[in-house]
Amino acid sequence: MKKYFGVDIGGTTVKMGIFDEDGRLLDKWEIPTVKDNGGEKILPDVVKAIEKKLTEEGLAKGYLAGVGIGVPGPIFADGTVNRCVNLGWGVFNVADKVRELLDMPELTVKVGNDANVAALGEMFKGSGEGYKNLVMVTLGTGVGGGIILDGKILTGTTGGAGEIGHMPVGLNETECCGCGNKGCLEQYASATGIVKVAKKILAECDTETPLRNMEGFSAKDVMDLAKGGDQVAIDVIEQLGDYLGKALAHIACVVNPSAFVIGGGVSKAGQFLLDVIEKHFKKNAFVPCSDVKFVIASLGNDAGIYGAVAQVL
């Protein structure tokens, strides 16, 4: 009868789920992320939503056994967030604040970085199930990552482990990444990076391609054309595969995972994308670390709530 909550705090909405002791999702919903005044209402709103759900289920607060939370920022092992720009948060202990708001000082509350938590979710109930050592790569507006070793999130000293989007891979890059450095993986392998690379290739060649007549084309447009055999689009995706394959080969040398789980909007390209990445990975990987499975993430937007509750379970 014990109940657990998984909470995935995003910049626009907070995704929430109530789970049983076996990790089965019983219900899920969202509430808006109110970021006014340094995000001071976010955690009180989360706690109100938890209390409301318990009431709806006819359960006393004593049935609440744990709360897992994912946040878009670096987290120390004790639940302290080390600044979270997207939410307006500074440095404070999220776990302690949730216990205080619930008036449950002994409650188990675990907090992790959202990308790491999503990786844990895929290991728990998604495409990474059965693998205790995996790396999740999220290809969206940026490039995120999460590393699971021996079934546990690798956080690092300051909570920054898994930030693979900021691995330096473009040594001759002249433009700055959003982080301030130059040549980060995110500048080539994200959805925005794919478009940027495509525009650069278009400027350097005169090959005919539908991309020249598409105003404001997207990464999906490039991917679809590559699947259809368009040579310029294929060149763009091959460059994506080269950068990403090398980056994952570097990671494999360090953590030797059993699987790479590829998620984010770009991953909707499916097996076509996996084949390109794996081809370039195999070219560059250290042989003892090269026997790695490549799979597409399966939990979608629910990965965060599953991973959040897995921290507790």
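Each residue in the stretch 57-89 was checked for being of a type in the set (Ser, Thr, Tyr) and farther than 24 Å from residue 36 by Cα, and 1 of them qualify. Of 49, 95, 65, all but one fail to be surrounded by 13 or more Cβ atoms within 10 Å (Cβ to Cβ), in a strand (DSSP E or B), at pLDDT 95 or above and not acidic (Asp, Glu); the exception is 65. Checking each residue of the stretch 156-172 against the condition of being modelled with pLDDT of 95 or more, touching a Leu at 6+ places or on another chain (Cβ under 7 Å) and small (Gly, Ala, Ser) gives no match. The number of residues in the stretch 219-266 that are at pLDDT below 95 and polar (S, T, N, Q) comes to 0.
Taken together, the residues in the stretch 77-89 that are in contact (Cβ under 8 Å) with a residue 40 or more places away in the chain and surrounded by fewer than 17 Cβ atoms within 10 Å (Cβ to Cβ) amount to 4.
The values are calculated or read from the model by the stated rules, or taken from the named source; none is laboratory data. Being a predicted model, the structure only gives us computed values, none of them experimental. Please note: Cβ atoms are built from the backbone with ideal geometry, for glycine as well, and neighbour counts cover all protein chains shown.
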